[in-house]
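The values are calculated or read from the model by the stated rules, or taken from the named source; none is laboratory data. Since this is a predicted model, take the numbers as computed values, not measurements. Cβ sites come from the backbone with ideal geometry, for glycine too, and all protein chains shown count toward neighbours. SASA here: full protein model, heavy atoms, side chains in, ligands and nucleic acids out. Shrake-Rupley method; radii C 1.70, N 1.55, O 1.52, S 1.80 Å.
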Amino acid sequence: MATMMMHHRLQILRNSSPILGYSLLPKYPSSSSFFLRTPPCSYKNHHQLKFFSNRQFSTITTPLFCSKSSPDQLSDVVVQNKTSIVVDLLDYLNESWTHFHATAEARKQLLAAGFHLLNESEEWDLKPGGRYFFTRNMSCLVAFAVGEKYTAGNGFHAIAAHTDSPCLKLKPKSASLKSGYLMVNVQTYGGGLWHTWFDRDLSVAGRVIVKAGDGSYEQKLVKVKRPLLRVPTLAIHLDNTVNKDGFKINLETQLVPLLATKLEEPTTETKDKAKVYHHPLLMQILSDELGCGVEEILSMELNVCDTQPSCLGGGNDEFIFSGRLDNLASSYCALRALVDSCESPGSLSSEQAIRMVALFDNEEVGSNSAQGAGAPTMFQAMRRIVGCLGNECAREGVFERALHRSFLVSADMAHGVHPNFADKHEENHRPELHKGLVIKHNANQRYATSGVTAFLFKEVAKMQNLPTQEFVVRNDMGCGSTIGPILASGVGIRTVDCGIPQLSMHSVREVCGKEDVDIAYKHFKAFYQTFSSIDKKLSVD
């Protein structure tokens, strides 16, 4: 029966309808909103908490997602392969429509794995062998596990990624009316491929501030799962040069989603146009989703989101088709690697360092925010950890010595070679899908990788027989960047920039290889488990 149920689950995943904008593989109790004020151990009963603690992660290989797979084949594969995280990544992507939801899902998984929630505003009480995390703005998260043999001055082994992706965001005053249509005005966030947002089934999700019955204010996450918005393209009959001259749009006037056609009768409260920031219809939809009155919604930060679920694709189901792979794929692989590297009894017994993951917001717009990598969030946490664990025994320069012994993996998606545009890559540095993590190099420090850090990170892979690839941009093209140089230059921590190769980066719908997800997870997990022993073999001042 269990095998048949798994077969049915995977068939649903493969043939998921684009109408549904939520995970078809629920592992967690779901609701339309997540109450951020809920205590850490807020599960409704002991059995629910036990479900989280005993959750078995998915076990898949390619045959599981082929329509011809029989239940017996599924059973055999499950026994053979117990390390794949692809189904769990798809779950995470389908739940994480926004950076807020991605952080909330990470929070749930850490609590389920036994990590203790800390508050940045309160005093910390940390112990060797302990596992902890905190969130900032519900869009940034730092988690860490302390080795049982940690002593003051030992280093941090950290992986950093980001939770945000290019998208459309509602303007503070979004309501507008054009030719009898109710339109929703938006801002462009990051460097998106905006033409890919046309003719998609879109909706909204994000964070709202709601007034509670006792007069206090609460944050809630909201996700409207049904298709709600659309940005229609102009018919070719009215733009018959588009295929010759290209699709060119005005981002202010032509990238505006439509909500409805029915004109609203103004109520007493909405007759004053100065007070109508958002369409009453949209506000009613949000209040229904949240289970509160329209008047109780005091503020909101909403993204426009594609409702098509993340899924496997390709002739052999070897690809992941999804939005927000950049950079939730890296975020999830890092998170799972940390959790799984210290889940078994004794997994931290011989560890002298502190294993850490940091997920930041606002990378797509430069990281200059209180929750971005440009803020000192991670290093403030490191200083507090060192001070808390060192107590009065700490000597001169203990934090500085800890940083000198630390190592950071900056994980962001990489540019896989495009079969139709291979000349856009330097001919000897063309990362391929299914060939492992890409180590990024740039002589002008757009990436923080050095010869030493690349060597050490490749040694981790070598010990596990994992493939790696190299990338440099062509000299006649500009090079992107990521959080690696920001963090490396902040306090002088050794850093390597790497990423899973993908296609369609910054499109509303991106592509990466299924195998690369598992390779990245294994590489990151091996980094946590083996880097202490590898680092001892090389001394570079």
>> Quick check: convex hull over the Cα atoms of segment 463-509, volume per residue in Å³, rounded to an integer?
In response: 149 Å³
>> Using 24 Å as the Cα-Cα cut-off, could you pick out the over-long pairs in 173/262; 178/223; 127/525; 149/536; 127/220?
In response: 178/223; 127/220
> Using 7 Å Cα-to-Cβ label points, what is the residue 195/residue 536 separation (nm, one decimal)?
Replying inline: 5.6 nm
>> Can you give me the distance in nm between label points at residue 252 and residue 187, each placed 7 Å from the Cα along the Cα-to-Cβ direction?
In response: 1.5 nm
>> Please list, ordered by chain and number, the residues whose modelled amide H lies under 5 Å from the amide H of residue 469; skip anything fewer than 5 residues away on the same chain.
In response: 437, 438, 439
>> I'd like to check one number: the per residue accessible area of segment 430-478, probe 1.4 Å, reported in Å² as a whole number.
In response: 53 Å²
>> Keeping every protein chain present and rolling a 1.4 Å probe, give me the accessible area per residue for segment 362-410 in Å².
In response: 46 Å²
> Expressed as a rounded percentage, what relative contact order does segment 354-471 have, with Cα pairs under 8 Å and six or more residues apart?
Replying inline: 16 percent
>> At a 10 angstrom cut-off on C-beta neighbours, averaged per residue, how do the peptides 95-101, 397-403 rank from highest to lowest?
In response: 95-101, 397-403
> Expressed as a whole number of Å, what is the distance separating the alpha-carbon centroids of segment 194-245 and segment 134-178?
Replying inline: 23 Å
>> Under the rule of at least 5 residues apart or a separate chain, name every residue whose amide H is placed under 5 Å from the amide H of residue 304.
In response: 168, 169, 170
> Once amide H atoms are built 1.01 Å from N in the peptide plane, which residues 5 or more positions from residue 414, or in another chain, come under 5 Å H to H?
Replying inline: 500, 502
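Excluding ligands, DNA and RNA, what is the solvent-accessible area per residue of segment 126-190 at a probe of 1.4 Å, expressed in Å²?
With the other protein chains kept in place, segment 126-190 gives 31 Å² per residue.
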> Cα gyration tensor of segment 309-427, axes a ≥ b ≥ c as square roots of the eigenvalues: rounded (a/c below 1.5), prolate (a/b > b/c) or oblate?
Replying inline: prolate
>> Apply the Karplus curve 6.51 cos²θ - 1.76 cosθ + 1.60, θ = phi - 60°, to the phi angles in segment 146-157 and return the couplings in whole Hz, x for Gly and Pro.
In response: 8, x, 5, 9, 5, 10, 4, x, 6, x, 10, 10
>> Could you tell me the center-to-center distance, by alpha carbons, between segment 359-416 and segment 286-334 in angstrom?
In response: 28 Å
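Going from the alpha-carbon gyration tensor of segment 390-444, what semi-axes, largest first and in whole Å, does one get by taking the root of 5 times each eigenvalue?
Result for segment 390-444: semi-axes of 42, 12, 7 Å.
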